[in-house]
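So the structure is just underneath, and the comments pick up after that.
Values quoted throughout were computed directly from the atomic coordinates according to the rules given, and no laboratory measurement underlies them. Just so it is clear, the model here is predicted, and its values are computed rather than measured. Here the Cβ positions follow ideal geometry from the backbone for every residue, glycine too, while neighbour counts run over all protein chains shown.
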Amino acid sequence: MLTLHNCLLLSALLFATGVFGVIARRNVLIVLMSIELMLNGVNVAFVSFAKFYPGSSLAPAGHVFVLLTMAVAAAEAAVGLAIVIAWFRNRKTTDTDDMRSLRW
Amino acid sequence: MTLGAHDLQLFAPVLILLGSAAVAVTADLFAEKIERGALPFISLGGTVAAAISLLSLWGRNEEAFGGALRIDGLAIVMGLAACAATALSVLMSASYVRSAGVDFGEYYGLMLTAAAGAVILAQANDLMSVFLGIEIMSIAVYCLTGITRDREKSTEAAMKYFIMGAFSTGFLLFGIALLYGAVVTTGGADGILQSPSQSALLRLDALARVPANTPLLVAGLALFLVGAAFKIGAVPFHAWTPDAYEGAPAPVTGFMAGVVKAGVFAVLLRTAMVSFPSPGIDVEPASTWSGALAFVAAATMVVGNVCALAQTNLKRLLAYSSIGHSGVILVGVVVASESQNPAPAAAVLFYVLAYVIMTAGSFGLISLLAREGGELENLSQFSGLAARRPAAAAAMTLFMASLAGIPPTAGFMGKFLIFREAINNREFLWLAITGIAASIVSAYYYLKIVVAMYMRDPEKGEEFPRGDDRWGAILGLALASIATVALGLCPAKVIDWCTAAIQSVN
């Protein structure tokens, strides 16, 4: 059933999957993908709140926010991949466990 | 809502910053190596122009873009703090980036873009501008952290900062979505928010009308605070701070410490005052929010200052010290959210101004002493600095005294104002005691640096680079030193000004 409750459940599940990926996975690229998954989980929440707005009309602020989130996520992914490449050129690895030149 | 000249006039500071960023980037395309010397002047001019246009908006107290931004005293003072940090960092950067081989237009362009993000944050009056401001600022700062892309430490710091930053953005955004949901599900039904403008649903003051015990509001606020705590390096979300601060080039570290804090604390302060105003009684969201923040503030002060004790790398030490300072500012925010009186919030503004200046100064000194191969980072490398470079050692001593909170400096005045307000509010006496104890502990590691500079002999073969031609860094350090002493000796005018700024926020 497409209710607000179920939509939010889907959103929370997507978000939690992303959080788990960031924490548990060791490959930088998969970590980046997990971050995208988190943002997409948030988008589902925005859209469902906008759809189930109890007022007289739609609540397009939620839809607009989703468009902005996607634009920002794209910018973030571009910068993130550039940083991965810069780091890869220095270290020849994409494993987060190899980030060891800065500690304590 | 239509976009008019009125909106653009209020938005002018941001437009000036973004415009000069574009000029810096394009100028570089057409410039020969020698003409790159003009880039710092362009950036400095843009920052000063933005600061002047901010000042010219003083007293307007108007909203722009249908309420998305609000230009009041809080926005102007925090915006000026961001501009001050940017101007000082540009001065400190000029010679540093040239010797590091990264004096591109993009360097200055990114700095100005991040500053524009912080100014947007200072003015942000709805959740969408908060999100956009944080992202404009953060994405530029991620790039700046890794700008020296052939240094492993720099790229690793950028990588860590990016992952933690993007992760925290996810939390912040989920929090914003739930806060929006709280307004939509409650406000819409009651018809309070049946306003013609849909953007009213995202306004910060719409949150004040949501019933206190709405689960979506509580969950949203918690996630929002987690995201914000990441950005300011509050415990337990501080782990990225030392790595990012150590790996980033020194002028960038000084810049991000100041600008990011000015932007995010502006948002926290505005949220405390507008979204969750305390009506003087124990209303659930207001007291949960300040109760949770109070514990975060105490933990941040203690962990930051205690971890700094063991550090031997100066940039890392200053990173932990910046965590401690975040804690002190948070104390101010907590007290401000529980008080009707403008004094605690004004103390926060004063502290942020002081912090921005003294941090830019201390990292500027590290930039001044940097040489072709890298930076002087280890504490032992600073041994005997006073004998060789007395002026540099004296400036460093001043900044350390200010960070430690020793009179007559800006840092002392800031701590005094915040802790006085915490003591006046009986409920937070324990926070003031924790903070003062943490400050006493912090004096040990700040003085350790002074002792190394004045009482130890230089390490064998240690040559302190002569920085006589680094006019930019010298001018920046002179300005920062004068401001540090001036804010400490005659703060009354600035305090009055901050109080007036807070009174202009409804």
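Would you list B:W471, B:W240 from fewest to most Cβ contacts within 10 Å? Each step should come with its number before you reach the end.
Numbers: B:W471 12, B:W240 20.
Final ranking by Cβ density, sparse to dense: B:W471, B:W240.
Rounded to the nearest 20 debye, the dipole size of the range B:5-503 about its Cα centre is 720 debye, using +1 on the Cβ of Lys and Arg and -1 on the Cβ of Asp and Glu. Using the Stokes-Einstein relation with a Kirkwood hydrodynamic radius computed over Cα pairs, the translational diffusion coefficient of the range B:73-122 at 20 °C and a viscosity of 1.002 mPa s comes to 187 µm²/s.
For the range B:115-149, backbone nitrogen atoms closer than 16 Å to the point 7 Å from B:E372 Cα along Cα-to-C-beta are found at no residue. Of the cross-linked pairs B:K153/B:K448; A:K92/B:K160; B:K153/B:K315, those separated by over 19 Å at the C-alpha level are B:K153/B:K448.
Each of B:T253, A:T94, B:T186, B:T484 was scored by other Cβ atoms within 10 Å of its Cβ. Listed from fewest to most, they are A:T94, B:T186, B:T484, B:T253.
Other protein chain C-beta atoms within 10 Å of residue C-beta, averaged over B:311-317: 1.
The mean number of partner chain beta-carbon atoms within 10 angstrom of a residue's beta-carbon across peptide A:30-37 is 3.
Within the set of other residues whose C-beta is less than 13 Å from the C-beta of B:S43, count the net charge using Lys and Arg as +1 and Asp and Glu as -1. Cβ neighbours under 13 Å give a net charge of -2. Loop sites here are trypsin sites (Lys or Arg not before Pro) outside DSSP states H, G, I, E and B with no more than 16 other Cβ atoms within 10 Å. The longest part of chain A free of them is A:27-91. Take the convex hull of the alpha carbons in chain B; its mean projected area over all directions comes to 21.7 nm².
Helix B:105-123 and the longest principal axis of the C-alpha atoms of chain B enclose an angle of approximately 30°.
Ordering B:170-176, B:98-104 by mean Cβ neighbour count within 10 Å, with the highest value first, yields B:170-176, B:98-104.
The amide H of B:D126, built 1.01 Å from its N in the peptide plane, has B:L204 as neighbours under 5 Å, considering only residues 5 or more places off or on other chains.
As an exercise, use a Förster radius of 25 Å and the Cβ-Cβ distance of A:T93 and A:L13 to find the FRET efficiency, rounded to the nearest 0.05.
Working: r = 32 Å, r/R0 = 1.26.
Here the calculated transfer efficiency is 0.20.
Each other residue within a Cβ distance under 15 Å of B:G109 adds +1 if Lys or Arg and -1 if Asp or Glu, for a net charge of -2. Mean residue ellipticity at 222 nm, helices only, chain B: -24000 deg cm²/dmol; runs of at least 4 DSSP H residues each add -39,500 (n - 2.57), and the sum is divided by the number of residues.
Between the range B:117-146 and the range B:343-422, the C-alpha centres lie 26 angstrom from each other. Shielding by partners for peptide A:86-98, expressed as the average number of C-beta atoms from other protein chains within 10 Å of each residue's C-beta, is 4.
Relative to the longest principal axis of the Cα atoms of chain B, the long axis of helix B:215-232 lies at roughly 10 degrees.
Could you list B:R36, B:R466 so that the one with the fewest beta carbons within 10 Å of its beta carbon is first and the one with the most is last? Provide the component values of the computation, followed by the final result.
On the way: B:R36 19, B:R466 11.
Ranking B:R36, B:R466 by Cβ neighbours within 10 Å, fewest first, gives B:R466, B:R36.
What Kirkwood Rh does the range B:109-252 have if only Cα atoms enter the pairwise 1/r average? Answer in Å.
Every distinct Cα pair counted, the radius reaches 16.3 Å.
Considering only B:F350, A:W87, B:Y444, the residue lying farthest towards the positive end of the dipole of the protein assembly as shown is B:Y444, judged by Cα position with unit charges set on Cβ. Normalised Debye scattering of the range A:4-91 at q = 0.22 Å⁻¹ gives log10 I(q)/I(0) of -1.03, counting only Cα atoms as equal scatterers and leaving out solvent. Treating only the Cα positions of the protein assembly as shown as identical point scatterers, give the base-10 log of I(q)/I(0) from the Debye formula at each q in 0.06, 0.07, 0.09, 0.12 Å⁻¹. Normalising to I(0) and taking log10 leaves -0.29, -0.39, -0.66, -1.22. In order along the range B:240-252, phi translates into HN-Hα couplings of 6, 4, x, 5, 5, 5, 6, x, 5, x, 3, x, 5 Hz, rounded to whole numbers, per the Karplus curve 6.51 cos²θ - 1.76 cosθ + 1.60 with θ = phi - 60° and x for Gly and Pro. At an R0 of 30 angstrom, the distance between the Cβ atoms of B:I482 and B:D150 translates into a FRET efficiency of 0.25.
Ranking B:A51, B:Y180, B:F255 by how far each Cα lies toward the positive end of the dipole of the range B:5-503 (charges on Cβ) leaves B:F255 at the top.
Multiplying the residue separation of B:T312 and B:F41 by 0.36 nm and subtracting their alpha-carbon distance yields 94.0 nm. Once the Cα atoms are used to define both axes, helix B:471-489 deviates from the longest principal axis of chain B by about 60 degrees. Alpha-carbon geometry of the range B:344-425: the Rg and the Dmax are 15.5, 52 Å, given in that order. Using a Förster radius of 60 Å, what is the FRET efficiency between B:R60 and B:K460 based on their Cβ-Cβ separation? Nearest 0.05, please. So, using R0 = 60 Å, E works out to roughly 0.50. Residues in the range A:29-36 carry Karplus couplings, in order, of 5, 5, 4, 4, 5, 5, 5, 4 Hz; the curve used is 6.51 cos²θ - 1.76 cosθ + 1.60 with θ = phi - 60°, and Gly or Pro positions show x. Which is farthest toward the positive dipole end of chain B among B:V23, B:L269, B:T434, measuring Cα position about the Cα centre, with Cβ charges +1 (Lys, Arg) and -1 (Asp, Glu)? Looking along the dipole axis, the top candidate is B:T434.
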